[in-house]
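The values are calculated or read from the model by the stated rules, or taken from the named source; none is laboratory data. Bear in mind that the values here come from a model prediction, so they are computed numbers and not experimental data. For neighbour counting, all protein chains shown are included, and Cβ atoms are generated from backbone atoms with ideal geometry for every residue, glycine included.
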Amino acid sequence: MVLICKHSNMLDSVYQPKSKKEFIVKTKATLLVTLLSTAVFAGGGIIVKPNQLVVQVKGVVCSFCAYGAEKNVSKVEFVDRSFYGKDGVLVDIDTHRITVALDPQKKKDIVQIQNAIEKGGYDTVSIHLHLVGTIVSKDGLLLLKEKDQLYELTGQASMNLKSSSQAEIQVHVVMSEIKETPSGKPLKVVVDKVNSSS
């Protein structure tokens with residue numbers, strides 16, 4: 001039995017197990033790693049501080065890629081350029097994450113971040129945010145109002161939030177939600193963690 005593995009940006013490699021047992025052990029280990037990495041992409045393990053967002057990307061694999069992504073994202077108007085080497089953007093090629101410092105006085109537009117990353121030729125997997133605002137219930141939806149922006153809250157952790165309370169939460173946005181959200185409508189986010197609620 002021969003197992004052929006294809007990895008993006010790498011040469012094909014051939015693995016021939018010595019026994020059926022070795023094949024099963026390697027397959028289970030591969031599945032476990034895949035499941036764990038999927039959990040991280042879904043929001044687990046990413047800590048977002050106030051006034052920043054973290055973008056999980058595909059395609060940023062070298063320092064040249066990192067520079068291109070950093071250059072594009074740093075041009076977005078609500079980036080606080082006083083952080084991370086005076087451009088407001090920190091790219092980690094090992095985790096495939098871009099951390100962006102946000103100017104708290106400016107309204108953030110997630111679509112601008114996504115466009116800046118895609119302009120550089122990279123794919124945005126998810127965007128992780130730290131939100132602080134008032135919980136509002138409207139038309140059967142649970143919303144968080146942060147300054148002039150509304151976010152529709154979904155996910156298991158959102159069930160602990162009560163209308164009219166103040167909340168500090170960590171959320172992530174899956175890119176398909178951004179593309180499907182009509183202009184002027186609340187952006188649907190998944191609540192990963194409730195930091196505080198009163």
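Observations, loosely collected:
- Residues that are surrounded by 18 or more Cβ atoms within 10 Å (Cβ to Cβ) and under 17 Å from the mean Cα position of the chain (by Cα), drawn from segment 153-174: Leu153, Ile169, Gln170, Val171, His172, Val173, Val174
- Every condition in (1) surrounded by 14 or more Cβ atoms within 10 Å (Cβ to Cβ); (2) at pLDDT below 90; (3) assigned to a loop (DSSP other than H, G, I, E, B) is met by Gly44 except one, and the failing one is (1).
- Among the candidates Glu70, Glu146, residue that is farther than 18 Å from Lys49 by Cα, surrounded by 15 or more Cβ atoms within 10 Å (Cβ to Cβ) and assigned by TED's automatic domain parsing to the domain that holds Glu177: Glu70
- Only one entry of Lys108, Lys86 meets the criterion of being of a type in the set (Lys, Arg) and either under 21 Å from Ile169 (Cβ atoms) or touching a Gly at 6+ places or on another chain (Cβ under 7 Å) (or both), and that entry is Lys108.
- Here segment 120-139 is the region considered, the condition is being among the hydroxyl-bearing types (Ser, Thr, Tyr) and surrounded by 14 or more Cβ atoms within 10 Å (Cβ to Cβ), and the residue that is farthest from Lys75 (Cα to Cα) is Ser126.
- Here Gly133 qualifies as touching a residue at least 24 places away in the same chain (Cβ under 8 Å) and either of a type in the set (Gly, Ala, Ser) or more than 17 Å from Val48 (Cα to Cα) (or both).
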